[in-house]
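What follows is calculated from the coordinates using simple rules that are stated; it is not laboratory data. Since the model is a prediction, treat every value here as computed from it, not as a measurement. Here the Cβ positions follow ideal geometry from the backbone for every residue, glycine too, while neighbour counts run over all protein chains shown.
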Amino acid sequence: MANKLVNYSTQNGFAIIELSDPPANTYTYEMMQELDAAILQARMDDTVHVMILRGAGEKFFCAGANISMLQRVTPRFKYFFCLHANETLIRLEQTPKLVIAALNGHCVGGGLEIAMAADIRIAKKGGGKIGLPEVSLGVLPGTGGTQRLARLVGKARAIELMTTGRTFEFEEAEQMGIVNHVFAAENFWEKVLEYAGQFIPPSKASKAVGLIKRSVQSGAEVPFSESLAIERELQQQLFQSEDAKEGLAAYVEKRKASFAGK
C-alpha cells in the first residue's frame with residue numbers, strides 16, 4: 001500500500017514505514033494520521049515481526065513538524081496536533097513488536113522525537129545532523145521530546161542539549177546513547193535489513209522480543225512492584241506460547257530452536 005505521505009510495505013517479516021514528503025519529510029496532521037494507520041496495520045498483521053521506520057530520499061529522515069502548517073493554524077489546532085502526535089508515538093512505543101528507526105539523513109526536531117519513540121536507532125555514517133533545536137523557534141520539543149531525551153541521556157545533559165538547541169553528528173549521538181549504532185553509508189539500507197533480520201523467526205522468538213519491549217516500556221513508567229507484576233503477566237503469556245514450548249524442547253533435545261513467532 002502506498003499513501004501520499006507515508007508509504008507502507010511488507011517483506012520477509014518486516015513492515016517498512018517510510019515518511020515521504022520530500023525534501024525534508026516534515027510531518028503534518030495528515031502525515032500523522034497516515035503514520036498512525038500504518039502502525040495499526042503493522043500491529044495487527046501476524047506476518048509482521050519487526051517494524052522499520054525510514055525517511056524517503058537520501059538527505060532526511062525527518063526534519064520535524066511542517067513549520068508552514070504551524071504558522072497557518074490556530075493555537076487550539078496546534079494543541080490538538082501535538083496531542084494527536086503524542087498519541088501516535090505512544091502507540092508506536094507500546095506496540096509489542098520491535099521498532100527500528102533507520103536514520104538515513106538529518107534527524108532533527110520532531111524527527112528525532114519520532115525516532116526516540118522507536119526501540120532501536122541506527123544511523124548512516126555522515127548522513128546528517130541530529131538534535132532538538134526547537135528552542136530557536138521559541139518552543140519546546142512537544143511531542144515527547146523533553147521526556148524521552150531525558151530518559152535516554154539523563155536530565156542534566158538533556159536540558160543542556162535542548163536549551164542550547166545544538167545539533168551534532170550521529171557519531172556523537174551514539175556516544176551519548178541516543179543512537180544505538182552507526183552503519184557505513186555504503187549499502188546502508190541492506191545493512192539495516194540484515195541487522196533487523198536477527199529478530200524475526202525462525203532464528204528468534206519474535207513474540208518474546210515484543211513482550212520484552214512491552215515489559216521495559218511499561219515497567220519503566222510505574223513503581224518497581226508494579227513493574228514486576230507486569231513482567232510476571234507477560235511471562236505467563238509467553239509460557240503459554242508455541243515458541244516457548246519450542247525453545248524449551250530444543251534446549252532439552254540439544255538442537256537449534258525454530259521459532260514461528262506464535
Return the FRET efficiency for the residue pair Q33, E172: r is the Cβ-Cβ distance, R0 is 45 Å, and the value is rounded to the nearest 0.05.
0.85
Mind checking the angle between helix 75-94 and the chain's longest principal axis? C-alpha axes, 0 to 90 degrees, to the nearest 10.
20 degrees
Sorted largest first, the Cα spans of segment 173-235 on the principal axes come out in Å as 46, 33, 11
Separation of the S225 and T47 label points, Cα + 7 Å toward Cβ, nm
4.7 nm
The chain - Rg (one decimal) and Dmax (whole number), Cα, Å
18.8, 65
To the nearest 20 debye, what charge dipole does segment 76-194 have about its Cα centre, counting +1 at the Cβ of each Lys and Arg and -1 at the Cβ of each Asp and Glu?
380 debye
What share of the DSSP beta bridges in segment 67-171 is antiparallel, in percent to the nearest 5?
35 percent
Amide H neighbours of Y27 under 5 Å, counting only residues 5+ apart in sequence or on other chains, H built in-plane at 1.01 Å?
G64, A65, N66
Any aspartates and glutamates with Cα under 17 Å of the K4 Cα? List them, leaving off those in the same chain fewer than 8 positions away.
E18, D21, E30, E34, D36
Report the charge-dipole magnitude of the chain in Debye, nearest 20, computed about the Cα centre from +1 at each Lys and Arg Cβ and -1 at each Asp and Glu Cβ.
160 debye
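Net charge within 15 Å of T10 by Cβ-Cβ distance, Lys/Arg positive one each and Asp/Glu negative one each, not counting T10 itself? Please report the intermediate quantities before stating the final value.
On the way: positive: R43, R54, K97; negative: E18, D45, D46.
Net charge around T10: 0.
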How much FRET efficiency would the formula 1/(1 + (r/R0)^6) give for K254 and T10, where r is the Cβ-Cβ distance and R0 is 41 Å, rounded to 0.05?
0.75
Determine the distance separating the Cα centre of segment 133-167 from the Cα centre of segment 63-124; give it in Å without decimals.
14 Å
I'd like the antiparallel share, as a percent to the nearest 5, of DSSP beta bridges with both residues in the chain.
30 percent
Sum -39500 (n - 2.57) across every DSSP H segment of at least 4 residues in the chain, then divide by the residue count to get the 222 nm mean residue ellipticity, nearest 500.
-14500 deg cm²/dmol
